[in-house]
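Trainee: Okay, handing you the structure first.
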Amino acid sequence: MSPSAMPVEYEADPSIDSSIALLRKILTSESAPLAARFRALFSLKHIASQTPTSPSTTSAIESIAAAFASPSALLKHELAYCLGQSGKNEARPFLREVVLDRQEDSMCRHEAAEALGALEDAGSLELLRERRDDAGEEEVVRETCEIAVGRIEWCCSEEGRREKLKKSDFASIDPAPPLAHIDTAPSIPDYERTLLDTSLPLFQRYRAMFALRDLASPPDLPTAVPAVQALARGFSDPSALFRHEIAFVFGQLSHPASIPSLTEVLADTKEASMVRHEAAEALGSLGDEEGVEDTLRRFLNDPEQVVSDSIVVALDMAAYERSGQAEYATVPIAV
């Protein structure tokens, strides 16, 4: 999940330290509603992402990491995502610890590995390569480590420094950069062929995925619907990690053309829970579209905990989309 709206700026707030403490209390409280914890998390992420690095950004990073003690796999995977998106080196030790912990939920460990890639952490390359090459490792972790290694190596390479990439509409740090446009008329069929070619490295296929995403934004582009349709065909891929990333991209796009395929994925009880959870949250970002909220409510009592939890968060996101609020976050004012 990556709500596009961010909380208001904190720099001029003299109560910032007290605000961080209150946000941490909400985030780490097992008695607090899950939706409230997610809103607190995104407020902390915003503080953590501020530049330059300061005691407040470090405190926010530590507050996010403190919630890794939670039993909620959904929340913990979102913690890892937010730490990766913070852009702060201070997050690296917490993420490495999660990747190393084989007792931790694989969905959380995958997100921690992806976050290390987002942080361009060359110091974690040895760990990521070990996990990538470990036949006994969870497949979703191995595949994520492959992509994270690819991203870090690309960022550190001369090729990566030379590539001229189109500026994205999205503020997220993506698992892979989009494929560079080599002409003035990028070909959706060409990108789709790369996207669906399982003989290619996952990193390259992810680059095609994000190139297609960028061709679907803004939603009134003539390439938008064809790009969404090309991405939707990625749901037939054998990799659960790959399918989950397609759903994540649809959550970023919030394009109505993705609703049928997202609904089909969510309704498929044989689908991996990490894919269904991402489909639920993507539908939450489309909450102002007719029928979406009713679809989500059908799965409130899903037997998969990570799915039912995601429905709670998705319905909260849907309420936010309808409300016209300025930000999907909690911004407490300390007294």
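Quick note: the coordinates plus some simple rules give every number you see, no bench work behind them. All values derive from a computational prediction rather than experimental measurement. Positions of Cβ are backbone-derived with ideal geometry, glycine not excepted, and every protein chain shown enters the neighbour counts.
Trainee: I'm checking a number: the convex hull volume of the Cα atoms of the chain, normalised per residue, in Å³. What is it?
Mentor: Value for the chain: 137 Å³ per residue.
Trainee: Give me the percent of Cα-Cα pairs in the range 166-325 that sit more than 19 Å apart, rounded to a whole number.
Mentor: Looking at the range 166-325, the distances longer than 19 Å represent 52 percent of pairs.
Trainee: Spelling out what I want: for every residue of the range 210-227, take phi, set θ = phi - 60°, compute 6.51 cos²θ - 1.76 cosθ + 1.60 (Karplus), and round to whole Hz; glycine and proline get x.
Mentor: Whole-Hz 3J(HN,Hα) from phi for the range 210-227: 6, 5, 5, 4, 5, 7, 9, 9, x, x, 8, 4, x, 8, 5, 5, x, 5.
Trainee: Placing +1 at every Lys and Arg Cβ and -1 at every Asp and Glu Cβ, with all other atoms neutral, what dipole size does the chain have around its Cα centre, in debye to the nearest 20?
Mentor: About 300 debye.
Trainee: Between ALA171 and LEU200, with labels modelled 7 Å along Cα→Cβ, what's the label distance in nm to one decimal, could you check?
Mentor: 3.0
Trainee: Find how much the distance from HIS181 to ARG322 grows on full extension, using 0.36 nm per residue of separation minus their present alpha carbon separation; answer in nm with one decimal.
Mentor: Values: separation 141, 0.36 × 141 = 50.76 nm, distance 3.59 nm.
Length difference between fully extended and current span is 47.2 nm.
Trainee: Treating only the Cβ of Lys, Arg, Asp and Glu as charged (+1, +1, -1, -1), what charge dipole size does the range 192-300 show about its Cα centre? Round to the nearest 20 debye.
Mentor: Using only the charged Cβ atoms, the result is roughly 420 debye.
Trainee: Report the calculated FRET efficiency for ASP288 and THR223 (r = Cβ-Cβ distance, R0 = 30 Å), to the nearest 0.05.
Mentor: Working: r = 23 Å, r/R0 = 0.78.
Using R0 = 30 Å, I get an efficiency of 0.80.
Trainee: Just from the alpha-carbon atoms, what are the Rg and Dmax of the range 118-167 in angstroms?
Mentor: Answer for the range 118-167, Rg first and Dmax second: 12.4, 39 Å.
Trainee: I want to check the label-to-label distance for GLU159 and ALA122. Put each point 7 Å from Cα in the C-beta direction and report it in nm to one decimal.
Mentor: Going from the GLU159 label point to the ALA122 one covers 1.7 nm.
Trainee: Another question about this same structure. Sort the following peptides by mean Cβ neighbour count (other Cβ atoms within 10 Å, averaged over residues), highest first: 56-69, 196-209.
Mentor: Listed from highest to lowest mean packing, they are 56-69, 196-209.
Trainee: Here's a follow-up. Multiplying the sequence separation of SER18 and ALA135 by 0.36 nm and subtracting their Cα-Cα distance, what value in nm do you get?
Mentor: Result for the pair: 37.5 nm of gain on full extension.
Trainee: For the range 201-296, build the charge dipole from Cβ charges (+1 Lys, Arg; -1 Asp, Glu) around the Cα centre, then report which of PRO238, LEU262, GLN252 sits farthest towards its positive end.
Mentor: Checked the options; the winner is PRO238.
Trainee: Take the eigenvalues of the Cα gyration tensor for the range 143-216, scale each by 5, and report the square roots as semi-axes in whole Å, largest first. Mind dumping the intermediate values first?
Mentor: Details: eigenvalues 65, 49, 28 Å².
Semi-axes, largest first: 18, 16, 12 Å.
Trainee: Using the basic label-point model (7 angstrom from Cα toward the beta carbon), what is the ALA66 to THR51 distance in nanometres?
Mentor: 2.8
Trainee: Go through 223-232, 169-178, 133-142 and give me the packing order, highest mean Cβ count within 10 Å leading.
Mentor: Listed from highest to lowest mean packing, they are 223-232, 169-178, 133-142.
Trainee: Which of the pairs LYS45/LYS164; LYS25/LYS76; LYS25/LYS167; LYS76/LYS166; LYS25/LYS88 have their Cα atoms more than 26 Å apart in this structure?
Mentor: LYS45/LYS164; LYS25/LYS167; LYS76/LYS166
Trainee: Please name whichever of SER29, SER124, ALA272 sits farthest to the positive end of the charge dipole of the chain, dipole taken about the Cα centre and charges placed at Cβ: Lys and Arg +1, Asp and Glu -1.
Mentor: SER124
Trainee: When LYS45, LYS166, LYS270 are ordered from fewest to most other Cβ atoms inside 10 Å of their Cβ, what list results?
Mentor: The order, fewest Cβ neighbours first, is LYS270, LYS166, LYS45.
Trainee: If the only charges are +1 at each Lys and Arg Cβ and -1 at each Asp and Glu Cβ, what is the size of the charge dipole of the range 140-198 around the Cα centre, to the nearest 20 debye? Walk me through the intermediate numbers first.
Mentor: On the way: 8 positive and 12 negative charges, 46 e Å.
That gives the range 140-198 a dipole magnitude of about 220 debye.
Trainee: Taking amide hydrogens as modeled 1.01 Å from N in the peptide plane, which residues meet the under 5 Å criterion relative to LYS166, leaving out close sequence neighbours?
Mentor: HIS181
Trainee: Across bins of 10 angstrom width beginning at 0, how are the C-alpha pair distances of the range 1-159 distributed, in whole percent?
Mentor: Per 10 Å bin, starting at 0, the Cα pair percentages come out as 11, 40, 33, 14, 2, 0.
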